[in-house]
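Q: For reference, the structure I am asking about is given below.
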């Protein structure tokens, strides 16, 4: 049996007296598209930073394709194919779209491959060729998010973690982005974790949801199971009707 | 376009083609003009000496531009590496007769060691720690160089022994050889900067400058990139210090490690345009030109320190009106012209 793409094992994190995460555990299978939801302050962002190597856990481990990467720095995780976007888009503002993607392609591709080919392929895949020479400040929010995803997968990507990538987008833009994310999952076999706080957005993308609330995992199941889970309804969603709205 | 960002078309081209974006004559003409200036009948030693000073500060500004302009690490006490280079070269020559060719190498090694310790301790931290550490080290070195009088000459400074015009000792009664040496430095540092901007390492430095967390998320080893950029800048500053000490023939604690000197190292890039190859060239030339005018004005009206006042005013104007330096203004105006 192959190892899980990602295994979060009993992760806890304290900030002084504040407990941000308490004994959080879950697995993500290779090729899966999984959602992580929770209200503001549930610990999603802290978990995201720990998984990506920007924040050490107070306790627990992170396993990536069977390898313990808890002590591995963020840039080495990225080179190993663990990729991410940010809640607030973080592009290299002084660089063009091309250069933004080139940075990651140069760092993460095997030496034998030419990063310029990878940049061209990603620009084509995300239909960013007309924007290739523009700087991020000249782009729409939707394009900025697509550039960030393009940069995130450039080179070598096995696990893509998207942090509220749909927020701020129109319904149509969000649908386009969802289509592109699912295409990445199918065409490149990339495992995807999507963090959102709106269930209706995630329900269209994922087959499995993990719910964080008050620093703990309170539910793990299909979107339908989550929507009917009384613990989730009580702790987070309020009512079943609002949950699926 | 000056120091334009890479485009899709550009990255498909080899490095040599990206560096030589214009005909070779475009790059060679200014070098030829400066090299021929001493041959003109109306050019005297005063003009040549001013040009040498400009070239020295352009080179020093280019070195600082690498760590601060391209790398985004604000080294406020970069005089540390100028001072270490000058003092090491001068002390080895005066005390042991070691030629500056070797003394400068030793000074660079010492600068690299100091930069390695400073960078290792502070570059992992976010915020102002690195900038403050460079200031703290420079202030400490001012005191140390005053304290060890036998070695450094104390507060009076160190005067190089003059042995007459000699290539071995890098000394000359005329400023003209220093003009050619300064020109060689500026050309070498300019192309080093251009290579950096076009290279993978330059891309890494710019990524870290723009957003360190995002750079790590793109696979860039942020700490190693910052440290390497800092070491490169320190080494280039220390190598240029050889030209500084051989031309001025003296160094003292304030001229080496003082904050006013550190500001003078920063001005060429700040005035001309941070993070560009041409910015420090334009900024350094402007700085020395204004310095000469204010010095002349100072002697006419009998008020000292006009040059410092002029630097301050220039800096203020640049910060308020042209935060990207003169290069930024030129590019902006060119872009406006192109869209008209």
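Q: Where does the protein assembly as shown land on Rg(C-alpha)/(2.2 N^0.38 Å)? Don't jump to the answer; show the numbers that get you there.
A: Working: Rg = 28.5 Å, N = 585, 2.2 N^0.38 = 24.8 Å.
Ratio of Cα Rg to 2.2 N^0.38 Å: 1.15.
Q: Let's test the formula: R0 of 25 Å, r as the Cβ-Cβ distance of residue B:116 and residue B:139. What FRET efficiency results, to the nearest 0.05?
A: It comes to 0.80.
Q: Extension gain residue B:174-residue B:40, at 0.36 nm per residue separation less the Cα-Cα distance, in nm?
A: Working it through step by step, the gained length comes to 46.7 nm.
Q: Starting from 0 in steps of 5 Å, tell me what percent of the Cα-Cα pairs of the stretch A:102-245 lands in each bin.
A: With a bin width of 5 Å, the distribution comes to 2, 9, 17, 18, 17, 13, 10, 7, 5, 2, 0.
Q: For the stretch B:55-175, build the convex hull from the C-alpha positions and give me its volume per residue in Å³.
A: Measuring per residue, one finds 111 Å³ for the Cα hull of the stretch B:55-175.
Q: When averaged across all projection directions, what area in nm² does the alpha-carbon convex hull of the stretch B:128-254 cover?
A: In nm², the orientation-averaged hull projection of the stretch B:128-254 is 10.0.
Q: On to the next question. Once you have the alpha carbon radius of gyration of the stretch A:135-215, what is it after dividing by 2.2 N^0.38 Å, with N set to its residue count?
A: Dividing the Cα radius of gyration by 2.2 N^0.38 Å gives 1.11.
Q: Could you check how many percent of all C-alpha pairs in the stretch A:91-157 are farther apart than 13 Å?
A: In whole percent, the long-distance tail amounts to 55.
Q: Can you give the % of DSSP beta bridges in the protein assembly as shown that are antiparallel, to the nearest 5?
A: Working: 22 of 39 bridges.
Restricted to the protein assembly as shown, the bridges split so that about 55 percent are antiparallel.
Q: Then there's this: Could you list, bin by bin from short to long, the percent of Cα-Cα pairs of chain B in 20 Å steps?
A: 29, 60, 11, 0
Q: With a 10 Å Cβ neighbour count serving as the proxy for reagent exposure, in which order, fewest first, do A:197, A:171, A:156, B:78 appear? Before the final figure, lay out the partial values.
A: Working: A:197 17, A:171 9, A:156 20, B:78 28.
Ordered by Cβ neighbours within 10 Å, fewest first: A:171, A:197, A:156, B:78.
Q: Give the order of A:83, A:157 when sorted by the count of other beta carbons within 10 angstrom, beginning with the fewest.
A: Details: A:83 28, A:157 23.
Result, fewest neighbours first: A:157, A:83.
Q: Right, something else. Tell me, rounded to the nearest percent, the portion of alpha carbon pairs in chain A spaced more than 21 Å apart. Write out the running numbers ahead of the final one.
A: Details: 17111 of 29890 pairs.
Everything past 21 Å amounts to 57 percent.
Q: Which distance in nm do the two modelled labels at residue A:68 and residue B:320 give, with both placed 7 Å along the Cα-to-Cβ direction?
A: Result: 6.0 nm between the two label points.
Q: OK, next. Among DSSP beta bridges whose residues both lie in chain A, state the antiparallel percentage, nearest 5.
A: Looking only at bridges with both residues in chain A, the antiparallel portion is about 55 percent.
Q: For residue A:176 and residue B:102, FRET efficiency with R0 = 60 Å and r from the beta-carbon atoms, rounded to 0.05?
A: Rounded to the nearest 0.05, the efficiency is 0.40.
Q: Shifting gears a bit: Mind checking which of A:195, A:51, A:232 has the largest fluctuation in a GNM of chain A, springs on alpha carbons under 10 Å?
A: Among A:195, A:51, A:232, the largest GNM mean-square fluctuation belongs to A:232.
Here, each number is a calculation from the coordinates, and none is a lab measurement. The structure displayed is predicted, hence computed values, not measured ones. Cβ: placed from backbone, ideal geometry, glycine included. Neighbour counts: every protein chain shown.
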